[in-house]
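Below you'll find the structure, written out as structure tokens, and then a few comments.
Values in this text are rule-based calculations from the coordinates and carry no lab data. In this text the structure is predicted, and so the values were computed from the model without any measurement. Because the Cβ atoms are built from the backbone with ideal geometry, glycine has one as well, and the counts that use them run over all protein chains shown.
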Amino acid sequence: MQPPTLSDDALKVLRAVRDRALDGYNLMSKTGLDPQKLYQAISQLVAEDLVSIRGDLNPDLIGDVYLVVPPTAFGYADLLLGQLRFKRAP
Amino acid sequence: MTGFASPDIPAYFSYLLVLLVGTFVARANVNHLMAGFGNRWAFAGTWWLFLAYLALPVALFWFLDYTSALQDTSLFAALVVAIGYRQVFAGGVQGITMPGQSSALWQPFEAWVTRTNERILTRQKQYKDRFDERVRASLAANPQRLGAFETLTLERSNDPAALTQTLAPLRTDPPPPGAPARIVNVLWRDLRTSVPEDYGYLLYRRGLVSWWQYWRWLEDGRSKLISAGILLALVALGIAAALWLTSSSAEGEHWRNPLLRYHQWRFLKLNASDRDRWRSREYLVAELRMVSADAAQAAKQTAAVLRPLIRELRFHQIAQRQADEALQLVVDSHSPVVTAAHMPELIDCLRTQNDTVRLQIHRALLALQRAEYAGTEPDATLVKWVPAKDESAGDVDARVRQWQQWWSGAQRGTPGRPTTSTR
């Protein structure tokens, strides 16, 4: 199976929520994404079943969503983040 | 792991160790799993997860011992299972192999953990939304508080000019419908975006939320209160259990009975280590040496110690070693009061379908007769009797009756002095 092609923004979000659940406001602060970009990144992660989300997935209300990587997706998330580290290694 | 060199400790210490270390591991697991969930310990689901993570190593330790993958008296095995049960399930610990397909049980457990986690996340979001809503409503309802909130937000905003511009259409005269609530919503989002971690503290410092509200909802106060309550309840329960166990009843202190049952279990346990069996044997012998001189009391005490062991002799598939050990204990602990207390039951055990055990019981009866009732000889044919495989139920019954007749006579006569020592 081919790993999904996630955008850099989606990987940033995934890295931020891998170890702890975060709300949209904290995600914007940690990743530096604006609401629209955060919405797109989260949409990608949701489509890949990499995150579990609570709240409305809507660009206007993106700060109020809660995001967590479910335990069943830990392995998959680590694989994707590990590949990213490997690609970026000198 | 059974052949692994490790200090051999009593099994109750091993299980206690697994439980104690498992408590820390379970707490760390739950905290890791739910990192970022505010007030996570305030949810019943979190405690269920904690209990499941705590029960898992204990159950696994018992299961691995039951299947002889390890011994439950091994100190190192207890530590390995308590700390690394996840690796044990994954087959990543050399020397400990999960039997059959049992490691597949991890998957449904993980699925349950995920479902519980999701439920808690939903509840947590609901509670947080309600808190936010209450604070926003209180700000919108009071112009002074709304002013203070606006000042705070403008001070902290990443872009005060843009914020002022967004607020302008809501400040017209007359104001649009629901203007205060809409102003609060705009300010709220801006403040939360600007200071996502500390917005609650800032609201509290400006007197916009009470300390109690702030502590309960944003400083995990509910979690702390519930954890402290549960801890206090456990301490109280522990103290009550300790007081009860050390208090006395007619049969002595309450802890004696569970400890006796524990040693009886260990004594008959087939895959117990030699040292563990020896410890239990020593305990049981010591109990039998302490029986009262009073016949009625002695019968009661002896029955408590030996009856469960003697009863096992009736089971036709009893392991040879178990029968050997039980009968050796019976013979070794002979004394006038002890032997008199269990003799009828031991004679009745001759009815077992296992001819080898029947022979062992017969020999034990002869040994006891020589030790305690040397003055009353059994019938010569009975002494020479060798139980055989094809013996009929009637033949066995006749021998049992012979032994019972001898016992009636022996009870009437004065017990003879021991002529043969079996020790």
Original post:
So what are the ³J(HN,Hα) numbers for segment B:319-327, from phi and the Karplus equation (6.51, -1.76, 1.60; θ = phi - 60°), rounded to whole Hz, Gly and Pro as x?
Top reply: 5, 3, 5, 5, 5, 4, 5, 5, 5
Subject >> Mean ellipticity per residue at 222 nm, deg cm²/dmol - from DSSP H runs of n ≥ 4 across the protein assembly as shown, formula -39500 (n - 2.57) >> reply: -21500 deg cm²/dmol
Subject >> Virtual spin-label span in nm between B:VAL386 and B:TRP278, 7 Å along Cα→Cβ >> reply: 3.4
Subject >> Per-residue average of Cβ from other chains inside 10 Å of B:128-137 >> reply: 1
Subject >> Under Karplus coefficients 6.51, -1.76 and 1.60, residue-wise ³J(HN,Hα) of segment B:283-298 in Hz, glycine/proline x >> reply: 5, 5, 4, 4, 5, 6, 6, 9, 5, 5, 6, 5, 4, 5, 5, 4
Subject >> Per-residue mean of C-beta atoms belonging to partner chains within 10 Å, peptide A:62-74 >> reply: 5
**OP:** Please report, to one decimal in angstroms, the Kirkwood hydrodynamic radius of chain B built from all distinct Cα-Cα pairs.
**Re:** 28.1
Original post:
What area, in nm² and to one decimal, does the C-alpha convex hull of segment B:1-133 cast on average over all directions?
Top reply: 8.2
Original post:
Under 5 Å between amide H atoms, partner at least 5 residues away or on a different chain: which partners does A:SER52 have, H built in plane at 1.01 Å?
Top reply: A:VAL68, A:VAL69
Subject >> Sequence-distant residues sharing a close amide H with B:LEU70 (under 5 Å, placed H) >> reply: B:ASP65
Subject >> Spatially proximal aspartates and glutamates relative to B:LYS300 (Cα-Cα < 18 Å; intrachain offsets below 8 disregarded) >> reply: B:GLU251, B:GLU253, B:GLU287, B:GLU345
**OP:** Using a Gaussian network model of chain B whose springs link C-alpha atoms within less than 10 Å, name the residue from B:PRO308, B:PRO177, B:PRO378 with the highest mean-square fluctuation.
**Re:** B:PRO177
**OP:** Convert each backbone phi in segment B:108-122 into a coupling constant with the Karplus relation 6.51 cos²θ - 1.76 cosθ + 1.60 (shift: θ = phi - 60°), then list the ³J(HN,Hα) values in order as whole Hz, x for Gly and Pro.
**Re:** x, 5, 5, 5, 5, 4, 4, 4, 5, 4, 5, 4, 5, 4, 4
**OP:** Give me a single rounded figure for B:111-120: the average over its residues of other chain Cβ atoms within 10 Å of their Cβ.
**Re:** 3
**OP:** List the residues whose amide H sits under 5 Å from the amide H of B:THR376, counting only those 5 or more places along or on another chain, with H placed 1.01 Å from N in the peptide plane.
**Re:** B:GLY416
